[in-house]
Each structure stands twice: as C-alpha cells, then as structure tokens.
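The values are calculated or read from the model by the stated rules, or taken from the named source; none is laboratory data. The structure presented is a predicted model; accordingly, all values stated were derived computationally and were not measured. Cβ: placed from backbone, ideal geometry, glycine included. Neighbour counts: every protein chain shown. Each accessible area value is taken on the protein alone, full model and side chains, heavy atoms only, with ligands, DNA and RNA left out. Shrake-Rupley method; radii C 1.70, N 1.55, O 1.52, S 1.80 Å.
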Amino acid sequence: MSENRKLPDMNMPIWFDGKSINEALFCEDFLSKHQIIFVDRAFFTPDGRVTDELTLRGEIFEELKYCAVNNIPRKISNIIEIMKLVAHVEDFPPEQDRIHLANGTLMLDGTFIEGKPDIVRNRLPLFYRPDEPKPVLWLSFLDGLLYPEDIPTLQEFIGYCLIPSNKGQRMMVIKGNGGEGKSQIGAVLGQMLGSSMKDGSIGKISENQFARADLEHILLCVDDDMRMEALRQTNYVKSIVTAQGKMDLEQKKKQSYQGWMFARLLAFSNGDLQALYDRSDGFYRRQLVLTTKEKPAGRMDDPDLAEKMKAEVEGIFLWAFEGLQRLVGNKFKFTESERTKANRESVKRDNNNIFDFIESEGYIRLKADASISSKELYEIYRMWCEENSLPPLKSRSFSDSVVANLSRYNLEHTNKITNSAGRRVWGFMGIEAVARPNINGFYDVSPCTYVPEEWRD
C-alpha cells in the first residue's frame with residue numbers, strides 16, 4: 001500500500017524525490033519555517049528551551065508522514081542530528097533585563113512588549129496582566145507562615161528567580177519544625193516557572209560532580225526536604241550561588257564544557273544547612289535563612305490550598321515582580337530583618353564553636369599586649385570543649401577558623417611567639433591564657449608542658 005501513497009494536494013518538496021529524503025535539504029526547509037537554534041546542547045525556540053524532544057520529533061514527523069519511505073523514526077533521528085549542526089550558534093547569552101511571558105516580554109523598568117517574535121532561553125507559562133487583582137489567598141498564607149518583617153525578603157528572592165542572573169549571590173533556606181505548610185511555596189513556584197524550575201537536592205549537588213550540569217538553563221532548583229547531614233563539600237554549592245557567567249560543567253562519560261549557570265537554590269528544611277569542614281564566612285554569608293512561625297494548635301489545613309493559590313499565580317507574579325524591582329533598585333542587596341541576620345549568625349556559630357570559645361570566660365582573655373602559641377591555644381580550646389560536652393574541631397580547622405576571624409577579635413597571626421621552651425613558634429597576638437591543662441587533669445594559669453590525654457590518669 002505504501003507505494004500508492006501520495007503527497008496531499010501540494011507540490012512535492014525539494015527534499016523529497018518521490019523515493020528518498022534528502023535530510024540536509026529537509027533541515028534547511030524546516031528551519032526556514034520554524035524559528036529554532038541549537039546552542040549549549042539544547043534547542044531553543046520563541047517558546048524557550050525545548051525540554052521534550054518528542055515534541056520536536058512530532059513536528060518533523062508531521063512533514064514526513066506522507067513520504068513513501070522506510071524507517072521514518074531513524075530518518076527523524078538523523079534529521080535532528082543534522083539540525084544540531086545547521087541550527088547551531090556560537091553563543092546565546094542570558095538576557096538579565098527582561099522576563100519573557102506567554103503573551104510578551106516584561107522589561108525590568110515595567111515596559112511590556114506584546115508578542116513573542118524572538119528566540120528566548122526561558123519563557124514563563126503565565127500571562128502578564130497588570131490589572132490582575134492582589135493574590136489575597138497567597139498573602140494570607142504568607143502572613144500565617146512567616147513573620148511580617150521577613151515577607152519582603154521572600155518577595156525579593158522569588159522576584160530574583162524570574163531573571164537569569166546570580167547578581168544577588170544568595171540562596172534561601174526556609175526553616176521550621178514541620179507541618180507549617182512551607183513546601184506549598186514550591187508548588188506555587190512550579191506553576192509560575194514551569195520547566196524553568198527543577199526539584200533537586202542540595203546534598204546531591206554538593207557530592208555529585210555531574211549534578212551541576214542538570215541545572216543548566218534552569219532558573220530555580222527547589223529542595224523540598226533538605227536532609228540534615230552536614231555537607232562534606234561546599235565548593236559546588238557555592239559556585240552555583242555565586243556564578244556570574246559560564247562555568248565548567250560535566251556530564252557522565254562526556255568531556256567537560258563551559259555552560260551558563262544561573263540557577264538559584266531554595267530549600268525547605270527542619271534544620272540548618274551546615275558544612276562538615278567549610279567554616280569560612282563565605283559559606284554562611286551566601287544564605288538567607290527564614291524561620292517560620294509555630295503552627296497554631298488545632299489549625300485545620302486545607303489539602304487544596306496549593307491548587308487554590310496556583311489560581312492566583314498571575315497576581316503572585318506581579319507581587320514577585322515588585323520585589324524584583326526593589327531588589328534591582330537596591331543593587332541586588334536583599335532586605336534582611338534582624339531576625340534573618342541573627343538566623344545566619346546562629347547557623348554559623350552552631351557549626352563553628354570557636355566563636356563561643358573565644359568569647360567565653362575563665363579560659364582565655366582578649367588582651368592587646370598578650371600572646372599565646374597556636375598549640376597552647378588549641379589545648380585550652382580542647383579543655384573548653386570537654387567541659388562543655390562539645391566536639392572539638394581538628395587542630396588545623398581550629399587554627400584556620402581563628403585566622404579567618406582575626407579582624408573580628410583584633411588579633412594578629414605571627415610566627416614570633418615564644419613558647420614555654422623558649423622556641424619561636426606560630427601563635428596569636430591579642431590573646432592571654434587564663435587556664436591551662438596540666439598533668440593531673442586540673443587547670444591553672446601557670447605554663448606547663450603538654451601531656452597527651454591518654455597519659456593524664
């Protein structure tokens with residue numbers, strides 16, 4: 001029957017001679033009728049990135065299905081591979097001054113341009129309607145979830161996720177005891193961002209060298225239930241939060257490549273994001289930590305709340321855009337309440353007890369003309385940890401943490417400290433020992449020789 005099939009009432013295309021398909025000519029003809037480019041290992045159209053290759057295959061099939069040729073699926077695969085070459089462009093930088101929507105493009109200054117004539121990286125699946133009413137249900141939900149002074153921070157962060165930019169240099173963690181409904185935010189953002197949002201795991205990002213490539217082209221990655229284990233490595237997470245252009249990405253069994261990275265990270269959690277080894281200020285400075293209100297006793301939760309709030313998504317978008325404009329006006333400096341700042345400091349202190357040690361009484365004293373060796377200071381620190389039932393840091397981590405906070409405590413790190421044996425060693429100016437461990441396990445203020453813990457009995 002196939003040899004009797006004919007093309008419908010139209011002239012035979014130049015890429016088909018009645019028996020075979022010229023795949024290169026088909027690509028040229030297809031691209032003359034469809035706006036599409038191939039860059040950064042993906043196809044892009046005026047509707048944004050092609051996330052489902054089956055859609056593209058379906059469009060190609062519609063043009064081929066009347067051709068009397070064998071093995072159409074293989075032909076389509078060959079055509080797609082050729083199209084990657086024909087439609088390839090060298091670069092396609094993200095546009096950080098505009099948001100592409102279903103009915104046009106919204107500039108950061110509020111100007112709206114109707115239609116979608118250009119090929120774009122991301123197009124959000126919602127319409128811009130400037131007269132859309134306020135999202136009453138959404139605002140009521142946030143009022144019950146967060147403290148009033150923290151809502152502007154969330155508003156700015158959600159707005160920040162609308163554009164492909166990491167200028168804010170922040171990720172967000174929303175922390176509660178459970179049951180407050182904080183994960184409903186993720187469901188609403190999924191409706192707003194569509195395929196430009198991805199569910200993921202911050203733990204996986206920190207451990208897996210290939211996880212960053214999964215976030216290429218994505219505006220937001222949401223970790224709906226962040227695990228509580230401290231991150232063994234933080235460099236992958238920090239590189240995503242601070243990315244200002246292309247970065248090195250890796251996929252399994254493929255050569256690494258340079259790709260644009262502008263994914264923001266949002267996590268919902270019952271605890272803090274901690275690092276096992278990284279105690280640098282940079283790791284904690286990149287976090288916006290919001291704490292939820294306690295869930296009222298006897299509150300009846302609406303199982304359909306997320307779906308109801310999704311119906312307000314275009315009003316929520318206007319609310320988020322207002323936050324974005326405020327953030328841009330403040331040169332990407334987020335509004336932070338005293339609670340948010342205290343939350344970040346608390347997370348930092350919980351993961352690095354040297355602050356509590358240096359500020360403790362009865363062990364050391366900050367004194368401008370005093371000095372102490374690094375070894376002696378560490379032994380006093382271990383004594384403090386033992387008496388307070390706290391796990392001590394490794395000696396190198398302890399020393400690095402003190403050095404990282406020299407200016408905070410007006411200290412100086414120098415190799416001109418004289419120890420009890422009269423030798424010159426590394427230590428700190430500005431600290432005086434108040435108590436020292438001795439051979440009998442008691443403490444005094446006199447110099448002594450260090451005795452290993454296992455000998456002290």
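Taken over segment 82-104, residues that are free of Cβ contacts under 8 Å to residues at least 60 places away in the same chain and of a type in the set (Lys, Arg) amount to 1.
State all residues of segment 92-115 that are out of contact with any Asp or Glu (no Cβ under 7 Å at 6 or more places or on another chain) and assigned to a loop (DSSP other than H, G, I, E, B); if no residue qualifies, say none. Reasoning before the result, please.
Initial filter on segment 92-115 (out of contact with any Asp or Glu (no Cβ under 7 Å at 6 or more places or on another chain)): 93-102, 105-106, 109-115.
Those that are out of contact with any Asp or Glu (no Cβ under 7 Å at 6 or more places or on another chain) and assigned to a loop (DSSP other than H, G, I, E, B): PRO93, PRO94, GLU95, GLN96, ASP97, ALA102, ASP109, GLY110, THR111, GLY115.
Against the condition open to solvent by 20 Å² or more (accessible area, probe 1.4 Å) and touching a residue at least 24 places away in the same chain (Cβ under 8 Å), how does SER420 come out, does it pass? Judged against the criteria, SER420 is a match.
Residues in segment 65-81: is at least one touching a Cys at 6+ places or on another chain (Cβ under 8 Å) and touching a residue at least 40 places away in the same chain (Cβ under 8 Å)? Please lay out each step first, then the result.
Our first condition is that a residue be touching a Cys at 6+ places or on another chain (Cβ under 8 Å); within segment 65-81, this holds for 79.
Within this subset, residues satisfying the condition of being touching a residue at least 40 places away in the same chain (Cβ under 8 Å) are 79.
Yes; the residues of segment 65-81 include at least one that is touching a Cys at 6+ places or on another chain (Cβ under 8 Å) and touching a residue at least 40 places away in the same chain (Cβ under 8 Å).
Scanning segment 264-282 for any residue that is in contact with a helix residue (DSSP H, G or I) (Cβ under 9 Å, 6 or more places away or on another chain) and in a helix (DSSP H, G or I) turns up at least one such residue. If ILE358 satisfies all but one of (1) of a type in the set (A, V, I, L, M); (2) in contact with a Gly (Cβ under 9 Å, 6 or more places away or on another chain); (3) closer than 20 Å to ARG396 by Cβ, what's the number of the condition it fails? With (1) of a type in the set (A, V, I, L, M); (2) in contact with a Gly (Cβ under 9 Å, 6 or more places away or on another chain); (3) closer than 20 Å to ARG396 by Cβ applied to ILE358, the lone miss is (2). Among residues of segment 211-236 that are over 24 Å from ALA42 (Cα atoms), those with a Cβ under 9 angstrom from a residue that is part of a loop (DSSP other than H, G, I, E, B) and acidic (Asp, Glu), sequence gap 6+ or separate chain, pair up as MET228/ASP272; LEU231/ASP278; GLN233/ASP278; THR234/ASP278; ASN235/ASP278. Counting the residues of segment 42-75 that are modelled with pLDDT under 90, assigned to a loop (DSSP other than H, G, I, E, B) and not aliphatic (A, V, I, L, M) gives 6.
Which residue out of SER256, SER269, SER196, SER183 is under 22 Å from PHE43 (Cβ atoms) and in contact (Cβ under 8 Å) with a residue 60 or more places away in the chain?
On inspection, the qualifying residue turns out to be SER196.
Every residue in segment 164-215 that is under 30 Å from LYS253 (Cβ atoms), among the acidic types (Asp, Glu) and not in a helix (DSSP H, G or I), please. Selection gives ASP199 alone.
Restricting PHE112, PHE141, PHE92 to those that are farther than 27 Å from MET247 by Cα and not assigned by the TED database to the domain that holds GLU336 reduces the list to PHE112. Taken across segment 232-253, residues that are open to solvent by less than 10 Å² (accessible area, probe 1.4 Å) and aromatic (Phe, Trp, Tyr) do not occur at all. Is at least one residue of segment 48-68 more than 30 Å from GLY298 (Cα to Cα), surrounded by 12 or more Cβ atoms within 10 Å (Cβ to Cβ) and touching an Asp or Glu at 6+ places or on another chain (Cβ under 7 Å)? There is at least one residue in segment 48-68 that is more than 30 Å from GLY298 (Cα to Cα), surrounded by 12 or more Cβ atoms within 10 Å (Cβ to Cβ) and touching an Asp or Glu at 6+ places or on another chain (Cβ under 7 Å).
Would a scan of segment 290-299 turn up a residue that is assigned by the TED database to the domain that holds THR153 and at positive phi?
Step one: list which residues in segment 290-299 are assigned by the TED database to the domain that holds THR153, which gives 290-299.
In the following step, the residues that additionally are at positive phi were identified as 298.
Yes, the conditions are met somewhere in segment 290-299.
Kindly evaluate LYS204 against the criterion of being basic (Lys, Arg), without any contact (Cβ under 8 Å) to a residue 60 or more places away in the chain and either open to solvent by 50 Å² or more (accessible area, probe 1.4 Å) or over 30 Å from SER395 (Cα atoms) (or both).
Values: basic (Lys, Arg): yes; without any contact (Cβ under 8 Å) to a residue 60 or more places away in the chain: yes; either open to solvent by 50 Å² or more (accessible area, probe 1.4 Å) or over 30 Å from SER395 (Cα atoms) (or both): yes.
When the stated conditions are applied, LYS204 passes them.
Give the residues of segment 409-451 that are at pLDDT 90 or above and either part of a helix (DSSP H, G or I) or in contact with a Pro (Cβ under 9 Å, 6 or more places away or on another chain) (or both), sorted by residue number. TYR409, ALA433, listed by residue number. Of all the listed residues (LEU142, LEU154, LEU137, LEU85), the sole one being part of a helix (DSSP H, G or I), at negative phi, open to solvent by 70 Å² or more (accessible area, probe 1.4 Å) and of a type in the set (A, V, I, L, M) is LEU85.
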